[in-house]
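Comments concern the structure below.
The values are calculated or read from the model by the stated rules, or taken from the named source; none is laboratory data. All values reported here derive from a predicted model rather than from experimental measurement. So basically every Cβ, Gly included, is an ideal-geometry build from the backbone, and we count neighbours across all protein chains shown.
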There are 2 protein chains.
Amino acid sequence: MLLSILPLVEIAIFEGSSASLKMKRATCRMSDSKIKNMDDFATISGISRPTISKYFNDADSVRKSTRERIEKALELYDYRPNFYAMNQNRRLTKNVGIVIPYMADPHFAEIARNVENHVIEAGYRPVVLGSQGNPEQEIENLNNLRLLKPAGVLLAPIGRMSDAGRIADFCKDVPTVLFDANIEDVGEAFIGMDNNQSIGLIVEYLCRTGEPPAFFEMLTPTNPNALKRRSAYIKTMDRLGHQPHLIQVKGEGWDFEEIGFREGSRVIADRTLLTDTVLCSNDRLAIGFLSAAYQHGLRVGLGASCALRVAGHDDHPFSRYTCPTLTTVSQDYAAISARSAETLFALIDTDQRASSREVTLYDGRLVMRGSA
Amino acid sequence: MLLSILPLVEIAIFEGSSASLKMKRATCRMSDSKIKNMDDFATISGISRPTISKYFNDADSVRKSTRERIEKALELYDYRPNFYAMNQNRRLTKNVGIVIPYMADPHFAEIARNVENHVIEAGYRPVVLGSQGNPEQEIENLNNLRLLKPAGVLLAPIGRMSDAGRIADFCKDVPTVLFDANIEDVGEAFIGMDNNQSIGLIVEYLCRTGEPPAFFEMLTPTNPNALKRRSAYIKTMDRLGHQPHLIQVKGEGWDFEEIGFREGSRVIADRTLLTDTVLCSNDRLAIGFLSAAYQHGLRVGLGASCALRVAGHDDHPFSRYTCPTLTTVSQDYAAISARSAETLFALIDTDQRASSREVTLYDGRLVMRGSA
DNA sequence: TCAAAATATATACGCGCGTAAAAATATAAT
DNA sequence: ATTATATTTTTACGCGCGTATATATTTTGA
């Protein structure tokens, strides 16, 4: 029944600058008036509400003397406009939505953090949302963003499972830049990494330093990057004159370490591995695989004493702490997030849609660690 | 200047039941009317707006025939009330805030997920917020929750750095149950784990199966549980007639793996370790320590062939994939989250503050894996 | 000093929805 | 059928703030 639609809302508010907050906190105690709304604040500050409203929209839009009076009052009474009421009847806000596929994945958490900073620096207010790997929640996040009337949205889609149609509908209403994972022809632009280059890089490295790698991946990956990596692997192996060897394991959901561990264990136990080198489609799978190898007594790493080489992809925050540390390809987070933000702000500023959908791909960088 | 206060908002909306959504999606295409608000929907459904409003507040509060008419209309036009406008002038909402210290930590992500489910089951709408380890953002989260007029809040505080005074202020206005980390006398109740019991458990286990453990921890831990664990360690060692040995390392922030790795490396290199057994204050430190041991060629685990035993605390989702897998104490997530939710709902239902602040502590369970 | 330009005020309405009270209607009970 | 009860409708106002317009007050420039 319809009643059981119970939305879950994740909200977190972050204060960029804090010095002023502390000041306010220190002084506001003396006058414990109950400033409930803008009207109250207008009254005690002796300034009309429309002017106060203007100030909060853009502090430089009021006369300097007025601004100083307002800020003096702000130090006495720590009033702040109601964020939700604010957006209710605004034409254009300074809100920028940031939607990522999975909050609990440190990989995405780091990306979000990065993008967030760019948004703050540009004078916008980031609104970060996680879709928890659930395409319906992804749509829900976008619908919810709509209510905040965002100036634009930076969206890293879940991927293959995403409801492309409804996302496209959203993009018609709100300027949206896709990043991390592409959906063909959706959004004004896409910024991501060049899986072709990055996989080529690590496959070449592995081939040069030992046996050609097998490719360990999920049979039906959620992320479209995974599919690109698969074909990039095959292409590179072909180019180097090696026979591609795909290990496509079963598994659904986002518990990649578990899948890497379970299927890695199986592969090792079955002795179906035709090579001593395994390239995993992403670091989280590799982390599980490493654990499986350890438990089977297989020493992973370079050199004669090792039975196996394992490499990953993404430079997951955790890959520095695996045993051995994980050789991988790092994404240029900085460039991707900077460019995504820039692209969106350019769209917002020109107030027009992109004439053509621009796709920007950044190169990965080889990170040589202990595992391969 | 005050202008630079740029709040960051994290929002995610989750649809509990989805069958109805799909149905709506399938049928709403036929009539592409632009239902913008409740007035529009009232008009097309032929029912007055106050009744519609009543329905969305509680579907059972309207006559069955009316309800059916509304739901028939809902299938044709997929209208949903504006969440933010809804809360604007409500006396009491069904919103329940859930605030956790750090979103990107899989440990807290799992706890949040658990609590969330209980809130949904009770017919409330969870609003999950992460404080990113930042006490100001924690306060900001609470302030922001206030705007949503929540029926209650489940708060896992950052800990030692939390602004206890302002949190207490919040608790005066909104029924709040603390969990995971306690702040003395703040909130209506606290539900957590019994660090005394859990540390006693693992210290006893370690002593019985090998050398008494040293305690590896941060000198100035963020989390108050860490302090309890420290004294529990000392107490248990005393009781067992062993000399406590604290290894208190420097380090700030939330990058525990890095601290565990860096300081673990130092301790191992310095040979200041007086024992072959190390109990880490939490799993994330242990994960870093394990990595350090591996890099120093120290074999970790039980048995004669191993040079070191390492144990953790919490049963972090990742501790199943370390090399070796991590022996630890698991928190009773299920019990803690269930009890926290129950306690809050009892408070909400009776509509009165707790007569006395109740503290409930659950036992930990020993998880014997490979590392000790 | 005085007019022109810039800014602030007063006033009013809008956003999308909650909620209260009285009037109208439908249902249940007799 | 009639009365009593339960629901719905009408009407109106409130929440906290954006925004528009006319008016009043500065500030600026000459």
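Structure values in brief
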quantity	calculated
Residue list for the range B:324-334, restricted to those being surrounded by fewer than 24 Cβ atoms within 10 Å (Cβ to Cβ) and either within 13 Å of chain A (Cβ to nearest Cβ) or not in a loop (DSSP other than H, G, I, E, B) (or both)	B:Pro324, B:Thr325, B:Ser330, B:Tyr333, B:Ala334
A:Gly253 vs. criteria without any contact (Cβ under 8 Å) to a residue 40 or more places away in the chain, surrounded by fewer than 17 Cβ atoms within 10 Å (Cβ to Cβ), within 14 Å of chain B (Cβ to nearest Cβ) and of a type outside the set (A, V, I, L, M)	no
Pick from the range A:114-124, criterion of a type outside the set (Asp, Glu) and surrounded by fewer than 22 Cβ atoms within 10 Å (Cβ to Cβ), ranking: farthest from the other protein chains (Cβ to nearest Cβ)	A:Asn114
So B:Ile98, is it modelled with pLDDT of 95 or more and either buried (at least 20 other Cβ atoms within 10 Å of the Cβ) or over 27 Å from A:Ala85 (Cβ atoms) (or both)	yes
All positions within the range A:76-104 that are within 8 Å of chain B (Cβ to nearest Cβ) and in a helix (DSSP H, G or I)	A:Phe83, A:Tyr84, A:Ala85, A:Asn87, A:Gln88
Residue within the range A:165-177 that is in contact (Cβ under 8 Å) with a residue 60 or more places away in the chain, among the hydrophobic types (A, V, I, L, M, F, W, C) and touching a Cys at 6+ places or on another chain (Cβ under 6 Å) present	no
Of the criteria (1) modelled with pLDDT of 95 or more; (2) within 29 Å of A:Asn57 (Cα to Cα); (3) within 11 Å of DNA strand D (Cβ to nearest atom), which one B:Arg90 fails	(1)
Pairs with Cβ under 7 Å, 6+ apart, first in the range A:74-86 and closer than 12 Å to A:Ile44 by Cα, second assigned to a helix (DSSP H, G or I) and within 12 Å of DNA strand D (Cβ to nearest atom)	A:Tyr77/A:Phe41; A:Tyr79/A:Phe41
Yes/no for A:Phe41 being among the hydrophobic types (A, V, I, L, M, F, W, C), assigned to a helix (DSSP H, G or I) and farther than 26 Å from A:Leu344 by Cβ	yes
Tally, over the range A:176-213, of residues that are assigned to a loop (DSSP other than H, G, I, E, B) and either surrounded by fewer than 20 Cβ atoms within 10 Å (Cβ to Cβ) or not charged (D, E, K, R) (or both)	12
Selection count where residues are over 11 Å from B:Met38 (Cβ atoms) and either near DNA strand C (Cβ under 7 Å from one of its atoms) or touching a helix residue (DSSP H, G or I) at 6+ places or on another chain (Cβ under 6 Å) (or both), scope the range B:55-65	6
Hits in the range A:300-323 (condition: without any contact (Cβ under 8 Å) to a residue 60 or more places away in the chain, away from every other protein chain (no Cβ under 11 Å) and among the charged types (D, E, K, R))	A:Asp315
Residue match in the range A:68-75 (condition: within 12 Å of DNA strand D (Cβ to nearest atom), surrounded by 16 or more Cβ atoms within 10 Å (Cβ to Cβ) and in a loop (DSSP other than H, G, I, E, B))	no
Failed item, numbered, when B:Ile35 is tested on (1) within 30 Å of A:Leu154 (Cβ to Cβ); (2) at pLDDT 95 or above; (3) away from every other protein chain (no Cβ under 12 Å)	(2)
Residue identified as touching a residue at least 12 places away in the same chain (Cβ under 8 Å) and away from chain B (no Cβ under 11 Å) among A:Ile268, A:Ile287	A:Ile268
Sole residue being modelled with pLDDT of 95 or more, on the phi > 0 side of the Ramachandran plot and not aliphatic (A, V, I, L, M), chosen from A:Gly192, A:Gly187, A:Gly200	A:Gly187
Output for the range A:133-165, where each listed residue is basic (Lys, Arg) and either within 18 Å of the chain's Cα centre (by Cα) or within 8 Å of chain B (Cβ to nearest Cβ) (or both)	A:Arg160
